[in-house]
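Have a look at the structure below, then the notes.
Where a number appears in this text, it was derived from the coordinates with a stated rule and is not lab data. Being a predicted model, the structure only gives us computed values, none of them experimental. Here the Cβ is made from the backbone with ideal geometry for all residues, glycine too, and neighbour counts use every protein chain on show.
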Amino acid sequence: MENILGLIGTITGVIGLALAVFVAVMQAKEQKRHTQELEIQKQEKARSDRLMFLADRIFDSSIPRELRQPFYEEYISMKGNGTAVRFWLLEAEREKKLLQPT
């Protein structure tokens, strides 16, 4: 009888250990996934912040256009689009019209 109880205790211990290892592995995987998600969010925020900075420089008409050109080029290279690009192109058209005699 004692052998059977000892065997049951050993089997229960092994199953408990296996379950604990399984839970630990799952927690480690979840932690890794969480860390990766945080890194992706951090990179997306950094990209978004940089695009906002570049757009601010593009819209700043107090800076001469030729000095804003590198900001526009970086904005485009980062796949920026939208209002800043339209502003840049419209501004170029306005300047071209002002320079052309009628």
| request: Kindly provide log₁₀ I(q)/I(0) values, in the same order as q = 0.15, 0.20, 0.24 Å⁻¹, from the Debye equation applied to equal alpha-carbon scatterers of the chain. | output: -0.77, -0.99, -1.17
| message | If I stretch the segment between Ile40 and Ser62 completely, what's the gain in nm (0.36 nm per residue apart, minus their alpha carbon distance), one decimal? | response | 4.4 nm
| field | Total lysine pairs under 30 Å (Cα atoms) in the stretch 2-99, excluding pairs fewer than 8 apart on one chain | value | 9
| request: Going by C-beta contacts inside 10 Å, put Arg68, Arg86, Arg47 in order with the fewest on the left. | output: Arg86, Arg47, Arg68
| note | Percent relative contact order for the chain, counting Cα pairs under 8 Å at least six residues apart, stands at 18 percent
| request: For the stretch 1-52, just the Cα set please: Rg and Dmax, both in angstrom. | output: 22.4, 76
| Between Thr83 and Arg47, what is the label-to-label distance in nm when each label sits 7 Å out along the Cα-to-Cβ direction? | 2.1 nm
